[in-house]
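Participant: The structure under discussion is supplied below as structure tokens; questions concerning it will follow.
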Amino acid sequence: MLRGRNILDTDKNYFAFYPLYFAEWMNTHNGQLPTLEEICNIWNGDPEDAEYNEKLLWYADRYLEVVAGREYWNTNIRPYKLLTDTIDVNNKDGVAVPKATEAFGLLVYANCRDKWMNIWDFQQNNPGVDLPKEGTEAKQFLGKYTNNEAKKKGKENDTTKDGSGGEEDLSVVQGWSDEGLKLFDEYQQKLVEQRKKDAENDHKMAKHARELIRKQHKISESSKKKRKRGKKSGDGTKSKRRITRLADE
């Protein structure tokens, strides 16, 4: 996650990382990711619904690890803490997954979901072939809410002085569109309301997600007790840190 910088700064490598990380889901779901609507409403599902729980587990255990960063949401933290807990990482207190961070994750998902599925499909049908970065075919691999600068890529047979005779290279990300920035604000406000509601309900949904994560990683009651006795610094569980639950951060 882009902590310490403007959270909406665009990082090309950050976006490129996602398709590889999500392949495990798409490999077992016919190249499909959960819909944007399902992810945007991930905290409003039925805990008794097995299909919903599968998606909530993937979101809380896998997706948020990439969004928040492993320092803040790794397997030493997420089976024991809630998203809104304040944790200590390298002697610095911070909310594990702030609302702005989660909102950014929703924006990235809205921006890239179709792109990621197109990448998966292309790689399945063209093993070992690089993704096209120019021309019409490359447009299916662009984000929905990022501005991509169309640069002309010169070729050996291009007779123009500035190389403008080549095909357009659409791979250069130039930041978020106005629509994307507006969507980010909407996601933040939605999460403020969702976290407040969950806090008033004793963090029912956050605790449910944590329990799914514990089962996934085979965290037993005895291991939870052992965890309390032996805490290590630098992994979000420093023994002297304060644990404060913040409903809207």
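Participant: Out of everything in segment 118-145 that is in contact with a Gly (Cβ under 7 Å, 6 or more places away or on another chain) and crowded, with 18+ Cβ neighbours inside 10 Å, what residue ends up being nearest to W58 (Cα to Cα)?
Facilitator: Step by step, filter segment 118-145, then rank; the result is W120.
Participant: Would you pick out the residues in segment 82-93 that are touching a residue at least 24 places away in the same chain (Cβ under 8 Å) and either under 18 Å from the mean Cα position of the chain (by Cα) or on the phi < 0 side of the Ramachandran plot (or both)?
Facilitator: Those that are touching a residue at least 24 places away in the same chain (Cβ under 8 Å) and either under 18 Å from the mean Cα position of the chain (by Cα) or on the phi < 0 side of the Ramachandran plot (or both): L82, L83, T84, D85, T86, I87, D88, V89, D93.
Participant: Scanning for something assigned to a helix (DSSP H, G or I) and modelled with pLDDT under 80, does segment 207-221 turn up at least one residue?
Facilitator: Yes, because at least one residue in segment 207-221 is assigned to a helix (DSSP H, G or I) and modelled with pLDDT under 80.
Participant: Among residues belonging to segment 51-110 that are of a type in the set (G, A, S) and more than 20 Å from A199 (Cα to Cα), point out the one that is surrounded by the fewest Cβ atoms within 10 Å (Cβ to Cβ).
Facilitator: G69
Participant: Another question, if that's okay. If you check R78, R70, which single one turns out to be assigned to a loop (DSSP other than H, G, I, E, B), of a type in the set (K, R) and free of Cβ contacts under 8 Å to residues at least 12 places away in the same chain?
Facilitator: Result of the check over R78, R70: R70.
Participant: On the basis of being in contact with a strand residue (DSSP E or B) (Cβ under 6 Å, 6 or more places away or on another chain), among the small types (G, A, S) and modelled with pLDDT under 60, does G166 make the cut?
Facilitator: Yes; evaluated as a whole, the condition is true for this residue.
Quick grid of which residues meet (1) of a type in the set (D, E, K, R); (2) over 15 Å from V66 (Cα atoms); (3) within 21 Å of the chain's Cα centre (by Cα); (4) in a helix (DSSP H, G or I):
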{"site": "T101", "(1), (2), (3), (4)": "no, no, yes, yes"}
{"site": "A110", "(1), (2), (3), (4)": "no, yes, yes, yes"}
{"site": "D114", "(1), (2), (3), (4)": "yes, yes, yes, yes"}
{"site": "N118", "(1), (2), (3), (4)": "no, yes, yes, yes"}
{"site": "F122", "(1), (2), (3), (4)": "no, yes, no, yes"}
{"site": "P127", "(1), (2), (3), (4)": "no, yes, no, no"}
{"site": "L131", "(1), (2), (3), (4)": "no, yes, no, no"}
{"site": "E137", "(1), (2), (3), (4)": "yes, yes, no, yes"}
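Participant: Further question: Which of the residues spanning segment 40-50 are surrounded by 17 or more Cβ atoms within 10 Å (Cβ to Cβ) and not in a helix (DSSP H, G or I)?
Facilitator: none
Participant: Look at segment 186-204 and say how many of its residues are within 19 Å of the chain's Cα centre (by Cα) and touching a residue at least 40 places away in the same chain (Cβ under 8 Å).
Facilitator: Within segment 186-204, residues that are within 19 Å of the chain's Cα centre (by Cα) and touching a residue at least 40 places away in the same chain (Cβ under 8 Å) number 7.
Participant: What is the number of the single condition among (1) closer than 18 Å to K115 by Cβ; (2) of a type in the set (S, T, Y); (3) at pLDDT below 70 that S177 does not meet?
Facilitator: (3)
The values are calculated or read from the model by the stated rules, or taken from the named source; none is laboratory data. These figures come from a predicted structure and were not determined experimentally. Ideal geometry is used to build each Cβ from the backbone, glycine not excepted, and the neighbour counts take in all protein chains shown.
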